[in-house]
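The values are calculated or read from the model by the stated rules, or taken from the named source; none is laboratory data. All values derive from a computational prediction rather than experimental measurement. Heads up, the Cβs are rebuilt from the backbone with ideal geometry, glycines too, and the neighbour counts pull from every protein chain shown.
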């Protein structure tokens, strides 16, 4: 039993078992599928394959932020249990949810004098946040106190790299990340955009690569370019995918072959329903530790 709580959103896209094994708490985001409300509860209410099949068939999706009251309800039991909380919020470059968390923090710290809620803008998403949370659990388990851990997180969070590609541009067009014209031309030419998360936590298109085979090679090349130690990288690596496990497996196989000192096999997770509402099916993401991300 630990004397403080490590916490994040379900958008860290780890499995329920992983969260439980590492003693990491999480709050579930709300979303809608064809007007019906759900919680992004890591595929427990609606399995990921059903969710992405529905999107591919034309189902309408909608996401929402967690509000301040929901954060209060989530945080309060920890404070009642005389525990402080370190909570990582989904990147402010994607959502303003950290503002709701700040409102809840202010209310609860007034209500429970002496207790603290430490909030960190992760500038991360999906299993990139999950990879960061896993390292924080290691440091907590080594005995690091919550204040020192918060400072460590702020210094090191940009070292988690996020690279994505998609074989289906329709949802990126729908979400405005790719123009309709560029998307139409890209789809016709078989272009798979390669994107990453910038230093301010935004998803940014970086390269236009023709064919899935080439973009799979390119994303592993990015890891070699930016990972700590290049091909001598000895840290952990995570992937996440939206209904395209075979593509993620191809990337993982290449990573494991090129980085023989990797700390265990590459972990493959599903992109959860909150982020998946925006990516749609066909996206693969790769996460690893490296030099601090730039713009």
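Is it the case that residue 80 is touching a strand residue (DSSP E or B) at 6+ places or on another chain (Cβ under 6 Å) and not assigned by TED's automatic domain parsing to the domain that holds residue 277?
No; evaluated as a whole, the condition is false for this residue.
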Of all residues in segment 47-73 being in contact (Cβ under 8 Å) with a residue 60 or more places away in the chain and assigned to a helix (DSSP H, G or I), the one that is farthest from residue 140 (Cα to Cα): 56
Residue match in segment 46-67 (condition: loosely packed, with under 15 Cβ neighbours inside 10 Å, modelled with pLDDT of 95 or more and more than 22 Å from residue 275 (Cα to Cα)): no
Residue count, segment 15-36 (criterion: surrounded by 13 or more Cβ atoms within 10 Å (Cβ to Cβ) and closer than 23 Å to residue 238 by Cβ): 13
Failed item in (1) surrounded by fewer than 19 Cβ atoms within 10 Å (Cβ to Cβ); (2) at positive phi; (3) modelled with pLDDT of 95 or more; (4) under 22 Å from the mean Cα position of the chain (by Cα), with residue 156 passing the rest: (2)
Matching residues in segment 247-275 - criterion: being under 18 Å from the mean Cα position of the chain (by Cα), in a loop (DSSP other than H, G, I, E, B) and free of Cβ contacts under 8 Å to residues at least 40 places away in the same chain: 266
Residue in segment 223-246 that is farthest from residue 283 (Cα to Cα), counting only those that are touching a residue at least 60 places away in the same chain (Cβ under 8 Å) and surrounded by fewer than 22 Cβ atoms within 10 Å (Cβ to Cβ): 228
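Among the candidates 102, 39, 135, 82, single out the residue that is crowded, with 17+ Cβ neighbours inside 10 Å and either out of contact with any helix residue (DSSP H, G or I) (no Cβ under 7 Å at 6 or more places or on another chain) or over 28 Å from residue 285 (Cβ atoms) (or both). Please lay out each step first, then the result.
Details: 102 fails: crowded, with 17+ Cβ neighbours inside 10 Å; 39 fails: crowded, with 17+ Cβ neighbours inside 10 Å; 82 fails: crowded, with 17+ Cβ neighbours inside 10 Å.
Exactly one of 102, 39, 135, 82 is crowded, with 17+ Cβ neighbours inside 10 Å and either out of contact with any helix residue (DSSP H, G or I) (no Cβ under 7 Å at 6 or more places or on another chain) or over 28 Å from residue 285 (Cβ atoms) (or both), namely 135.
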